[in-house]
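A.B. asks: I have a structure I would like to understand better, so I am pasting it below and will then ask my questions one at a time.
The values are calculated or read from the model by the stated rules, or taken from the named source; none is laboratory data. Bear in mind the structure is a predicted one, so any value in this text is a computation, not a measurement. Because the Cβ atoms are built from the backbone with ideal geometry, glycine has one as well, and the counts that use them run over all protein chains shown. Heavy atoms of the whole protein, side chains included, go into the accessibility calculation; ligands, DNA and RNA do not. Shrake-Rupley method; radii C 1.70, N 1.55, O 1.52, S 1.80 Å.
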Amino acid sequence: MEQELKDLRVEFSNALASARDEAALEAIRIRFLGQKSGCLTHLMRGLGRLPADQRPRMGQTVNSLKKEMDAGLAAALAALASPERRGDGLDPTLPGCAPNLGQLHPITLVRRELEEIFISLGYSIEEGPEVETEFHNFEALNIPPDHPARDDHDSFYAGPGRVLRTHTSPVQIRTMQRCQPPLKFIAPGMVFRRDAIDPNHTPAFFQLEGMAVGERVSLADLKGTLTVFWRRLFGDRIQVRFRPSYFPFVEPGAEVDISCILCLGKGCRACGGSGWIEIMGAGMVHPAVFRAVGYDPDRVSGFAFGMGIDRIAKLKYGIEDLRLFWENDLRFLGQFRNESPR
Ligand code: PHE
């Protein structure tokens with residue numbers, strides 16, 4: 001009988017270890033402790049047939065095994081009910097959920113790339129408000145009140161004497177008012193125009209302004225700077241050409257073209273067959289602008305330029321419709337990676 005008890009103990013603990021749910025535990029209880037045919041119950045009944053001198057000791061052994069089984073079953077039942085087993089707690093063996101990583105907007109990537117080039121050329125970065133005074137946005141830039149650029153149709157007005165800046169050029173004025181020459185800075189930022197939305201126009205877009213002012217800053221410096229800039233951005237084979245143009249705040253003023261980044265000047269669809277891409281405005285700072293900020297145009301000279309960041313992003317990534325930059329479709333936005341880590 002002693003051996004039987006030992007075997008029963010082993011059998012019970014094996015059965016308990018493989019039980020996965022409450023039904024299995026109940027089956028074990030019935031198998032070992034059931035009133036009618038439980039193995040242990042059966043042994044207990046047999047106690048009466050033992051010689052009297054063996055009865056007390058065996059009785060004790062059987063009893064303690066019964067207690068052990070009761071306790072084992074209770075513990076297994078409690079373990080089944082614990083949060084880990086129920087699945088609503090932490091299971092450290094499961095693989096983690098990868099968080100959705102955000103990434104930079106393509107316009108931000110391009111802006112940073114442009115900034116990087118100018119920083120390497122010794123330029124600082126300046127900022128100005130998006131809601132501007134008419135003085136900074138127009139007057140000080142030599143744009144008189146009857147100039148077409150001040151027409152309601154081009155500008156958003158934001159109260160008397162206030163406009164949403166229509167270009168980043170007012171940052172020229174603010175920076176010159178605050179600092180004395182020599183100066184060399186860029187001013188990237190959002191600008192606003194009342195344009196109808198189409199693949200090439202959005203009412204808000206980004207520009208990057210640049211300005212250098214000093215004692216003998218020349219048109220050659222402007223051309224050299226821009227040539228270096230565009231070659232750094234699009235490669236050493238890029239040519240830069242100036243066409244005379246008019247902006248009220250520069251004299252002489254120019255439209256700047258670069259050779260087409262796709263066909264390098266041969267002529268293709270992207271450049272409309274001309275081999276050139278119109279990319280920015282530039283020129284030598286008009287004396288009236290220097291006077292507006294209290295600089296002496298006889299002592300200092302300077303150049304300024306302005307370019308559309310969206311347009312450069314469009315070119316660089318081969319995007320045909322500017323509106324894609326504003327629609328925030330993650331499938332679109334997820335395709336851009338920073339090439340120059342910062
Ligand atoms: N501000 C001009 C524009 O918005 C660009 C420009 C800047 C032209 C500086 C010349 C010099 O189109």
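A.B. asks: Volume per residue, Å³, of the convex hull around the alpha-carbon atoms of the chain? Walk me through the numbers before you get to the answer.
C.D. replies: Values: hull volume 90.5 nm³, N = 342.
Looking at the chain, the number lands at 265 Å³ per residue.
A.B. asks: Enumerate the lysines that LYS223 could reach by cross-link, defined here as Cα to Cα under 29 Å, with residues fewer than 8 away along the same chain left out.
C.D. replies: LYS184, LYS266, LYS314, LYS316
A.B. asks: Ordering PHE234, PHE303 from largest to smallest accessible area (1.4 angstrom probe), what's the sequence? Can you show the working numbers first?
C.D. replies: On the way: PHE234 45, PHE303 5 Å².
Most to least solvent-accessible, the answer reads PHE234, PHE303.
A.B. asks: What percent of all Cα-Cα pairs in the stretch 202-342 falls in each 5 Å bin, counting up from 0?
C.D. replies: That works out to 2, 9, 16, 19, 17, 15, 10, 7, 4, 1, 0, in percent per bin.
A.B. asks: Under the definition of Cα pairs under 8 Å and six or more residues apart, what whole-number percent is the relative contact order of the chain? Mind showing how you got there, number by number?
C.D. replies: Details: 494 pairs, mean separation 49.7, N = 342.
Contact order relative to length: 15 percent.
A.B. asks: Let me ask something else about it. Taking Cα centroids, how far is the stretch 10-69 from the stretch 236-291 in Å?
C.D. replies: 97
A.B. asks: Right, another one. Build a GNM of the chain with springs between Cα atoms under 10 Å: which of ARG241, ARG232, ARG20 gets the top mean-square fluctuation?
C.D. replies: ARG20
A.B. asks: Moving on. For every helix of n ≥ 4 consecutive DSSP H residues, a contribution of -39,500 (n - 2.57) applies; sum these over the chain, divide by its total residues, and give [θ] at 222 nm rounded to the nearest 500 deg cm²/dmol.
C.D. replies: Values: 12 runs with 131 residues, N = 342.
It comes out at -11500 deg cm²/dmol, rounded to the nearest 500.
A.B. asks: Relative contact order for the stretch 191-335: what percent, with Cα pairs under 8 Å and sequence separation of 6 or more? Walk me through the intermediate numbers first.
C.D. replies: On the way: 239 pairs, mean separation 41.1, N = 145.
Relative contact order of the stretch 191-335: 28 percent.
A.B. asks: Going highest first, how would you order 113-119, 75-81 by mean Cβ packing within 10 Å? Kindly include the intermediate steps, with their values, before the conclusion.
C.D. replies: Details: 113-119: 17.3, 75-81: 12.4.
Sorting 113-119, 75-81 by mean packing, highest first, produces 113-119, 75-81.
A.B. asks: Residue separation times 0.36 nm, minus the C-alpha to C-alpha distance between ALA158 and ALA15: what's the value? Walk me through the numbers before you get to the answer.
C.D. replies: Values: separation 143, 0.36 × 143 = 51.48 nm, distance 8.06 nm.
Value of the extension gain: 43.4 nm.
A.B. asks: If you don't mind, another one. Residues in the stretch 274-308, backbone N under 19 Å from the label point at GLN239 (7 Å along the Cα-to-beta-carbon vector): list them, ranges by number please.
C.D. replies: The answer is 274-280.
A.B. asks: Choose one answer from CYS268, CYS97, CYS39: the residue with the largest mean-square fluctuation in a GNM of the chain with alpha-carbon springs under 10 Å.
C.D. replies: CYS39
A.B. asks: Using Stokes-Einstein with the Kirkwood hydrodynamic radius over Cα pairs, what translational diffusion coefficient do you get for the stretch 2-86 at 10 °C and a viscosity of 1.306 mPa s, in µm²/s rounded to a whole number? All intermediate terms of the calculation are to be shown ahead of the outcome.
C.D. replies: Values: Rh = 13.7 Å.
Rounded, D is 116 µm²/s.
A.B. asks: Among ALA196, LEU183, PRO170, pick out the residue whose Cα is farthest towards the positive end of the charge dipole of the stretch 147-215, where Lys and Arg carry +1 and Asp and Glu carry -1 on C-beta, about the Cα centre.
C.D. replies: LEU183
A.B. asks: Report, in degrees rounded to the nearest 10, the 0 to 90 angle that the Cα long axis of helix 2-18 makes with the longest principal axis of the chain.
C.D. replies: Relative to the chain, helix 2-18 is tipped by roughly 20 degrees.
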